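See structure below.
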Amino acid sequence: MLKRLARYGACIALIQGLAACGQSPVANEPKQAEKPVKQAQFDQLVVAFGDSLYAGYQLGPNEGFAPQLQGALGSAGINARVHNAGVSGDTTAAGRQRLTFVLDNLGEKPDLVVLGLGGNDMLRGIKPEETRANLKAMLDELKKRDIDVILTGMLAAPNLGQDYARAFNPIFPELSKAYGAPLYPFFLNGVVADSALMLPDNIHPNAKGIAKVVAGIAPLVEAELK
């Protein structure tokens, strides 16, 4: 694990550059809301709300986190649609800004939100207390709407130093406990240091890497939906 995290830290400069240029205008509220589409053929709705790791960066239409998770749920006998609400470059502040818009324009209340933001905060050196406050605000909004949530966590790259890690790493487990939200501690667990599971940028998972991530997260989702 330590060797994997070391390689994770070695990629930090590349990640910072990509995070800076990966922002999307979707993070800002559109001037006009798209017409909601009701997906009546599905029994349940899951919203995958995150950054480029969720968005399916450089992957095919069926290879990203949302479609692979939907496929895994279907294989488990759960007829759920997984809505891709991932935006490359999103920080927790950007996610906080767009969360209500996304929820209001789904056309139906989600049965579950899988929330995974914070990686870009860490890469840009945003203060961990700001990351915590933004995640807390999103969890408060979901609680107010009576929507269940699963958190997928992130770890600080080792080369950011122990002080940053001590402030950043506890955010996800502590919020998970406070809100009673199941936690997948590290989205890239078992993937980030394996070149066979990563895109050439050594930052984002390829389709096989996403499949491994989904294999870890799907049981949590299945348990919540059942």
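The values are calculated or read from the model by the stated rules, or taken from the named source; none is laboratory data. Note that this is a predicted model, so its numbers are computed, not measured. Glycine also receives a Cβ, built like all others from the backbone with ideal geometry; neighbour counts cover every protein chain displayed.
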Answer from Ala80, Ala94 - the residue that is in contact with a Phe, Trp or Tyr (Cβ under 8 Å, 6 or more places away or on another chain) and hydrophobic (A, V, I, L, M, F, W, C): Ala80
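Yes or no, residue by residue, for (1) under 21 Å from Gln70 (Cβ atoms); (2) in a helix (DSSP H, G or I); (3) in contact with a strand residue (DSSP E or B) (Cβ under 9 Å, 6 or more places away or on another chain):
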| residue | (1), (2), (3) |
| --- | --- |
| Pro173 | no, yes, yes |
| Lys177 | no, yes, yes |
| Asp201 | no, no, no |
| Ile217 | yes, yes, yes |
Selection count where residues are β-branched (Val, Ile, Thr) and at pLDDT below 95, scope the stretch 170-193: 1
Those residues of the stretch 195-206 which are free of Cβ contacts under 8 Å to residues at least 40 places away in the same chain, over 24 Å from Gly125 (Cβ atoms) and in contact with a helix residue (DSSP H, G or I) (Cβ under 8 Å, 6 or more places away or on another chain), in sequence order: Ala196, Leu197
Within the stretch 142-162, tally of residues that are in contact with a helix residue (DSSP H, G or I) (Cβ under 9 Å, 6 or more places away or on another chain) and either of a type in the set (A, V, I, L, M) or part of a loop (DSSP other than H, G, I, E, B) (or both): 12
In the stretch 194-203, the residues that are buried (at least 19 other Cβ atoms within 10 Å of the Cβ) and at pLDDT 95 or above: Leu197, Met198
From the options Leu135, Leu106, Leu115, Leu139, residue that is modelled with pLDDT of 95 or more and part of a strand (DSSP E or B): Leu115
Hey, Ala165 aliphatic (A, V, I, L, M), without any contact (Cβ under 8 Å) to a residue 12 or more places away in the chain, in a helix (DSSP H, G or I) and farther than 25 Å from Pro110 by Cα or not: yes
Condition met for Gln44 (under 17 Å from the mean Cα position of the chain (by Cα) and either without any contact (Cβ under 8 Å) to a residue 60 or more places away in the chain or surrounded by fewer than 22 Cβ atoms within 10 Å (Cβ to Cβ) (or both)): no
